[in-house]
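Worksheet: the structure to be examined is printed underneath.
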Amino acid sequence: MEASAAEKSAESASYTYWVREATRDAAPLPVPKKIEPAELCNQPNQTHLGSAWNRAGTWEEKNLNTWASDRIKELLVSMGFLEFSGGRAEVEEVTRCYGDAFLVIVRNKKRVGYTYELTLKVKGNGLLEEKKKKVKGHLDVLEFTFGELDDLQIQVKLSDDEDIPRRRAAADQPGFKIILQPLREKLLQFEEELKAR
């Protein structure tokens, strides 16, 4: 008899020990309902972003470096002439385009981001030492990131073939601040295209 009492106490102390006998004022137990095929067709389709394996839309990250680097280069070379006080210059090529771009899906919401540094090779005509000269140089676009293009900073490095020694020009000089606006517009266009992906 003692063994059966021990078995009864073991059964009553199962993992559902907190479930007691139902009382009159307790909520009724849920009753399963069979779903008909016609009801399945009437349910609204839930749209989800991302891959088929990620139906819940938890976390998914996609690398967009190749597309972003190519697109930034394409946009900046297409800028045409950049006007600055004393002359104008044209972007010949983007010699350095270093950074990351990504698309992240979190909780079924799409978010994009990037961080880049650029060096643009430029050539043009300008007034240097009160003489009109052909100008070559580089624009270094310091680190910029998604949503922070208002704080865009550049360093201008000008050089001439022989006559003028290499020189640096700070981007905060009034003559070079004008360059920032068309550059910022192209990078904003890049941001909009990135969001649309």
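The values are calculated or read from the model by the stated rules, or taken from the named source; none is laboratory data. For clarity, every value in this text was computed on a predicted model and none was experimentally measured. Here Cβ is always computed from backbone atoms with ideal geometry, including for glycine, and neighbour counts include all displayed protein chains. The accessibility values were calculated without ligands, DNA or RNA, using every heavy atom of the protein model including side chains. Shrake-Rupley method; radii C 1.70, N 1.55, O 1.52, S 1.80 Å.
Among the numbered conditions (1) at pLDDT 65 or above; (2) open to solvent by 100 Å² or more (accessible area, probe 1.4 Å); (3) part of a helix (DSSP H, G or I), the only one that residue 11 does not meet is (1). A single entry from 110, 62, 73 fulfils the requirement of being surrounded by 12 or more Cβ atoms within 10 Å (Cβ to Cβ), out of contact with any Phe, Trp or Tyr (no Cβ under 9 Å at 6 or more places or on another chain), in contact (Cβ under 8 Å) with a residue 24 or more places away in the chain and more than 16 Å from residue 182 (Cα to Cα): 110. Please determine, by comparing only the residues of segment 123-173 that are of a type in the set (Lys, Arg) and modelled with pLDDT of 80 or more, which one is farthest from residue 101 (Cα to Cα). It comes out as 134.
State which residue is most open to solvent (accessible area, probe 1.4 Å) when the search covers only segment 122-142 and only residues that are closer than 29 Å to residue 197 by Cα and free of Cβ contacts under 8 Å to residues at least 40 places away in the same chain. Filtering first and then ranking leaves 142. When you check residue 103 against the structure, is it within 16 Å of residue 195 (Cβ to Cβ), in contact (Cβ under 8 Å) with a residue 60 or more places away in the chain and open to solvent by 20 Å² or more (accessible area, probe 1.4 Å), yes or no? Here the answer is yes, as residue 103 does meet what is asked.
Scanning segment 81-95 for residues being crowded, with 19+ Cβ neighbours inside 10 Å and under 19 Å from residue 118 (Cα atoms) gives a total of 4.
Scan segment 28-51 for residues that are in a loop (DSSP other than H, G, I, E, B) and at pLDDT below 75 and the total you get is 8.
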